[in-house]
Amino acid sequence: MAESLDARRASPAPQPVGASATFAELLKRVKAEGLLDFDPRYYIGRLALNTLLLAAGFTAFFLLGDSWWQLVVAVWMGLCGTQCAYMFHDAGHKAMFRDKRLATAVGYIHANLINGSSYGWWVNHHNRHHSNPNHLDMDPDIGRRTAIFDLKQYPSRHGIKRFIVRYQSVLFFVLLVLEALKMSKTAIKVIARGQTKRPVLEGALILLRAAIYLTLTFTVLSPLLAVAFIVVQQFAQGLYFGMIFAPNHKGMEVRDGDEETLDWLERQVLTSRNIRPSRLVDFLYGGLNYQVEHHLFPSMAQKNLPRARELTREYCAERGVPYHEVGFWASYREVAGFLHEVSAPVRRNEVEQALARRAA
């Protein structure tokens, strides 16, 4: 990065950007084109496509039988799991159907039954993230990570976590293979504690998934291959899932303090990074490469995000609001560079000095 984190913190407070920009004005333009209208046919098509992808995976699984080629199927099923996760993501944002019961059913099926996650926990967690993205105290997505996004987080890390922070620009990506397992672990904990709205339903769906998953793998495959299949499938899904979410906010503006200092438009635009779209990128990211627009309009259907991007870029340019969009590889380079810079005082054993300079 051209300018160090400490230098940016030491510089005078910047003047408000886009002082004349208002979310209401941009929202008016978006609504005028009907971009917030429901389009159930689109999501019926997406659900049908995901069903076909899963069916292809199950077909290959049964046809191959006890063969080490099943590890390719495991990777495929991991990719399918993340594609299905996009469906419970959009259901949780009420972007799919006007009928809330139908959307909720889609959410529980795709989160708990297909992915072994807790839909109830995820909706609450994700809504809090959307309200205050990249805020050290208010964004739960920052708090639950081992990596640090500000040096003040380092003293709370202990043991192996400190080693991870030291080399987090690399280990952050390596550890993404555990994302699917971490989601399942969290689901079990919150359901067991009764911290979801429907713990019995969620627990039953996860148990049903586990019964089907383990029965199929250990019946069709030899024990060693069954274990290998589960590990590869979970790691592939975790890596895909994590890589999709990694570039959305990491390395963008990080905020701190007891109160929110930015209005809604600046809060979402300044903390989000878009990845330049293409047909392949749009499919792989499930529309989340339009992260700025998704945060501004979380209930917007995936299919309308490209047009919303055009309107948002135009509006931000008019009002002087910085809008950040980069290519696929550049996004991960930026994330890695940011993580490397944040952890630099750790590698130099200068954490106390760096924190003291900031406090002065």
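The values are calculated or read from the model by the stated rules, or taken from the named source; none is laboratory data. Keep in mind the model is a prediction, meaning the values are calculated, not measured. Reconstructed Cβ throughout: ideal geometry from the backbone, glycine too, with neighbour counts over all protein chains shown. Surface accessibility is based on the protein's heavy atoms, side chains included, excluding ligands, DNA and RNA. Shrake-Rupley method; radii C 1.70, N 1.55, O 1.52, S 1.80 Å.
Annotations for the structure displayed:
- Residue in segment 340-358 that is assigned to a loop (DSSP other than H, G, I, E, B), open to solvent by less than 30 Å² (accessible area, probe 1.4 Å) and more than 25 Å from V123 (Cβ to Cβ) present: yes
- Note on segment 172-192: residues that are aliphatic (A, V, I, L, M) and over 16 Å from A210 (Cβ atoms) amount to 6.
- Number of positions in segment 269-294 that are surrounded by fewer than 23 Cβ atoms within 10 Å (Cβ to Cβ), over 14 Å from Y86 (Cβ atoms) and touching a residue at least 40 places away in the same chain (Cβ under 8 Å): 3
- Members of segment 53-86 that are within 21 Å of Y108 (Cβ to Cβ) and of a type in the set (A, V, I, L, M, F, W, C): L53, L54, A55, F58, M77, C80, C84, A85
- Qualifying residue in segment 53-62 (condition: under 24 Å from the mean Cα position of the chain (by Cα) and assigned to a helix (DSSP H, G or I)): yes
- Pairs where the first residue, in segment 126-148, is touching a residue at least 60 places away in the same chain (Cβ under 8 Å) and farther than 24 Å from A111 by Cα and the second is open to solvent by less than 20 Å² (accessible area, probe 1.4 Å) and part of a loop (DSSP other than H, G, I, E, B), C-beta under 6 Å, 6+ apart: N134/H249; N134/T271; L136/D150
- Of all residues in segment 78-122, those being open to solvent by 30 Å² or more (accessible area, probe 1.4 Å) and assigned to a helix (DSSP H, G or I) number 10.
- Filtering segment 318-337 to residues that are surrounded by 15 or more Cβ atoms within 10 Å (Cβ to Cβ), within 19 Å of V269 (Cβ to Cβ) and modelled with pLDDT of 95 or more leaves Y323, H324, E325, V326, S331, E334, V335.
- Taken over segment 282-331, residues that are of a type outside the set (F, W, Y) and under 25 Å from P40 (Cβ atoms) amount to 26.
- Scanning segment 20-35 for residues that are open to solvent by 50 Å² or more (accessible area, probe 1.4 Å) and not in a helix (DSSP H, G or I), we see that the one that is nearest to A103 (Cα to Cα) is E33.
- For segment 125-161, taking the residues that are among the hydroxyl-bearing types (S, T, Y) and open to solvent by less than 60 Å² (accessible area, probe 1.4 Å), the one that is nearest to L355 (Cα to Cα) is identified as Y154.
- Count - residues of segment 295-317 that are out of contact with any Lys or Arg (no Cβ under 9 Å at 6 or more places or on another chain), open to solvent by 10 Å² or more (accessible area, probe 1.4 Å) and without any contact (Cβ under 8 Å) to a residue 40 or more places away in the chain: 5
- Note on segment 191-222: residues that are free of Cβ contacts under 8 Å to residues at least 24 places away in the same chain, of a type in the set (A, V, I, L, M, F, W, C) and over 30 Å from V72 (Cα atoms) total 2.
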